[in-house]
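Structure record follows, encoded as structure tokens.
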Amino acid sequence: MSEDQYINVMPHPRILGVLGDIEFAAWQCLGELTDNAFDVFQSSPETGGEKPTVSISLPTAQDSRSTAEVVVQDNGRGMSLDEVRKAISAGWSGNGRHGALGLFGMGFNIATARLGRKTVVRTGRSGDSYWTEVTLDLPQIEASAAYQAPYRQVPKANPSEHGTVITISGLKGEQFEALRRPNALKVIREKLGDVYSYLLTERGFRLTINGKKLPPESPVSGMRNAPSADGA
């Protein structure tokens, strides 16, 4: 395992902390992170023969706030260090499309900052001998008065492994409580099932929440990336 090195993070984490207080529901933040992965699947569907999959893990009623995490994992092609640096830079878009920041338009930074204070991104491409792991600890970065986030290279068990894992911890109190409400999981499943109905039904994408496959809603209501009536 390599020693920590650092990459520049913009904007200042104090700004991200403020943006993270904007009223977005948990399902919208999860939708943003899911959408980013689905965008990559559509532009570069390299999953080693596996079905394009995003797996979301949410806290349960048994979890405490100090240990609770939100994890969003995909089996996409993974990213290089430069790609992950750009991906965690607010407002950066890889292909210039309006939707490139995600369906909900808030971007990676705001989606993660809204949920918690610490985010770890681990990503790797097939053929790489290591995972690139970047840690965005907003309180720690802010206290350092620098724009730097540490990253390291973690050896892979198998060089053919690929994909990205986003782990959010230090969950904000209101988000932690919202995710643990009795109907929270049901609401999130219904919202995301509706949003991604077309991709799950027609494109064969797969989305799971806490290990359970998401059954899509009616394809008529799920409009994410569905073709328009004129075929556009």
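The values are calculated or read from the model by the stated rules, or taken from the named source; none is laboratory data. All of these numbers come straight from a predicted model, not from anything done at the bench. A quick note on method: Cβ atoms are made from the backbone with ideal geometry, for glycine too, and the neighbour counts reach across all protein chains shown. Keep in mind that these areas ignore ligands, DNA and RNA; they rest on the heavy atoms of the full protein, side chains included. Shrake-Rupley method; radii C 1.70, N 1.55, O 1.52, S 1.80 Å.
One table, with the values for the structure above:
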quantity: Cα-centred dipole magnitude for segment 23-68, charges only on beta-carbon of K, R (+1) and D, E (-1), debye, nearest 20; calculated: 180
quantity: Spin-label pair residue 203/residue 60, simplified geometry with 7 Å Cα→Cβ offset, distance in nm; calculated: 3.1
quantity: Per-residue SASA entry for residue 65, accessible area with 1.4 Å probe, Å² rounded to 10; calculated: 120
quantity: Separation of the residue 6 and residue 154 label points, Cα + 7 Å toward Cβ, nm; calculated: 2.2
quantity: Area accessible to solvent at residue 208, 1.4 Å probe radius, in Å²; calculated: 10
quantity: Set of lysines with alpha-carbon distance to residue 186 below 23 Å, sequence-local pairs under 8 removed; calculated: 172, 212, 213
quantity: Reach of residue 86 by Cα under 19 Å, taken over lysines that are not fewer than 8 positions away in the same chain; calculated: 118
